[in-house]
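Trainee: Right, I'll just put the structure down here and ask away after.
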Amino acid sequence: MPEKKIKQALIETANIPAGVKVLDFGCGTATLTIMAKEMHPGAKVTGIDVDREILDRAIQKVKEKKLDVFLLDYDGTHLPFQHNAFDRVISCLVFHHLDTDTKQNMLAEIFRVLNKDGQLLIADFGRSKSWIQRTLFNIIRGLDGFKSTDANAKGLLPELISDAGFENVAIKTCFKTIFGEVQIISAKKI
């Protein structure tokens, strides 16, 4: 799995100038969060995750690197930020873990916390044109659950993003992996 390459492409696609406020949704151990801050030191980067234990590891990694990054946990239903708090929201390999209702709720929350002209960039599994990639993704589906991965397998993530109010939803890049196709999806709040 070319995870670092995918995350680097996600950050590059996000086009993050200095002063931009970035939220890493589902930051886990903060690998993407740290990469975003290191690639764009002038950005204000925040990471959020539901798993406090994983977040503790992320906090330790950020401290070791002496980075000015804010990390916090939340309840998984409501993002603890005001409306229009961020210019970019990035997320890598998180949405296939969420059932469709949770995907819809979190996309609505992300829309709420993004500024006008803010961008959402998601790297996650999607429906590939390749039957081999679709078959490989079924391995992940077996491990992560068919309910949570259903919308991804059917290629519905771009539609769910549009339904949340985003415009200009587009698949920017695709990565063929041993677990299926990972797509970078870009969208804008207008």
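Bear in mind that the values in this text are calculations on the coordinates, not laboratory data. Since we're looking at a predicted model, the values are computed, not measured. A quick note on method: Cβ atoms are made from the backbone with ideal geometry, for glycine too, and the neighbour counts reach across all protein chains shown.
Trainee: Tell me which residues come under 5 Å, amide H to amide H, from THR29 once H is placed; ignore anything under 5 positions away on its chain.
Mentor: Residues meeting the amide H criterion: none.
Trainee: Rounded to the nearest 0.05, what FRET efficiency do ASP75 and LEU143 have when you use their Cβ-Cβ distance and R0 = 30 Å?
Mentor: Computed FRET efficiency for ASP75 and LEU143 comes out at 0.75.
Trainee: Gain in length, GLU53 to THR135, computed as 0.36 nm per residue apart minus the alpha-carbon separation, to one decimal in nm?
Mentor: 26.3 nm
Trainee: Label GLN82 and LYS4 with points 7 Å out from Cα along Cα→Cβ: what is the distance between them in nm?
Mentor: 3.9 nm
Trainee: Tell me which residues come under 5 Å, amide H to amide H, from ASP24 once H is placed; ignore anything under 5 positions away on its chain.
Mentor: THR46, GLY47, ILE48, ILE90
Trainee: Could you state the number of Å between the C-alpha centres of segment 12-79 and segment 156-181?
Mentor: 22 Å
Trainee: So what is the diffusion coefficient of segment 53-140 in µm² per second by Stokes-Einstein at 20 °C and 1.002 mPa s, using a Kirkwood Rh over Cα pairs?
Mentor: Translational D for this selection: 139 µm²/s.
Trainee: Are there any trypsin sites (Lys or Arg not before Pro) in segment 111-169 that are in a DSSP loop and have at most 11 other Cβ atoms within 10 Å? List them by number.
Mentor: Passing sites in segment 111-169 are LYS129.
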